[in-house]
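Participant: I'd like to ask you about the structure that follows.
What follows is calculated from the coordinates using simple rules that are stated; it is not laboratory data. All values derive from a computational prediction rather than experimental measurement. All Cβ positions, glycine included, derive from the backbone under ideal geometry; neighbour counts span all protein chains shown.
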Amino acid sequence: MKKTLLLPFILILITGLQLSSCKKKEEKQTTKLTITVKLDGDTVEGALVALYDNDDDLVDEKTTDSHGKVVFDDLDPGIYQAEAGYTDTEYGIFYYGADEFEISKGQNKKVTIVLTEW
């Protein structure tokens, strides 16, 4: 008799744990955007990257690291535009590049922006 009552209890416990872990996975779905800025095939440290949403509102601005990258976390799904700019202070030349892209929920998106002289 005890085995008969114990089996449904174990099944309910296992099912509850599985549902709980599914909810945690959904909650942990974060959107990450990594942008790499390049000029003449090389990554650019110190480029300013501005990220805009579909309404042309500024989401955030960051400066590229030594690998020419910036990372934006926890973005809402949607269409974005990124613009990058860099001034070569030695020669006084300004370089610019932009890209538009869509981000889905939970996506780790990678974008490369290639700068050209402006």
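Participant: Hey, can you grab everything whose amide H is under 5 Å from the amide H of Q107? Only 5+ residues off in sequence or another chain; H modelled, so Pro and N-termini drop out.
Facilitator: For Q107, whose amide H was placed from the backbone, the distant partners under 5 Å are K32.
Participant: What is the gain in length, in nm to one decimal, between N54 and V71 on full extension, counting 0.36 nm per residue of separation less the C-alpha to C-alpha distance?
Facilitator: 4.3 nm
Participant: Can you compute log10 of I(q)/I(0) for the stretch 32-117 with the Debye formula, treating each Cα as one identical point scatterer, at q = 0.22 Å⁻¹?
Facilitator: Here log10 of I(q) over I(0) equals -1.00.
Participant: Let me ask you something else. Among K38/K69; K32/K69; K38/K105, which pairs are too far apart, with a Cα-Cα distance over 19 Å?
Facilitator: K38/K105
Participant: So how much slack lies between E90 and D42, counting 0.36 nm per residue of separation and subtracting their Cα-Cα distance, in nm?
Facilitator: That pair, E90 and D42, stretches by 15.5 nm at full extension.
Participant: I would also like to ask the following. Out of the stretch 74-109, which GluC sites (Glu not before Pro) are coil in DSSP terms and have no more than 12 other C-beta atoms within 10 Å?
Facilitator: E90
Participant: Can you put T31, T89 in order of Cβ neighbours within 10 angstrom, beginning with the fewest?
Facilitator: By the 10 Å Cβ count, ascending: T89, T31.
Participant: Here's a follow-up. Around L51, under 9 Å between beta carbons, what's the net of Lys plus Arg minus Asp minus Glu among the other residues? Intermediate values should be presented prior to the final figure.
Facilitator: Numbers: positive: K62; negative: D53, D60, E61, E83.
Counting the neighbours of L51, the net charge comes to -3.
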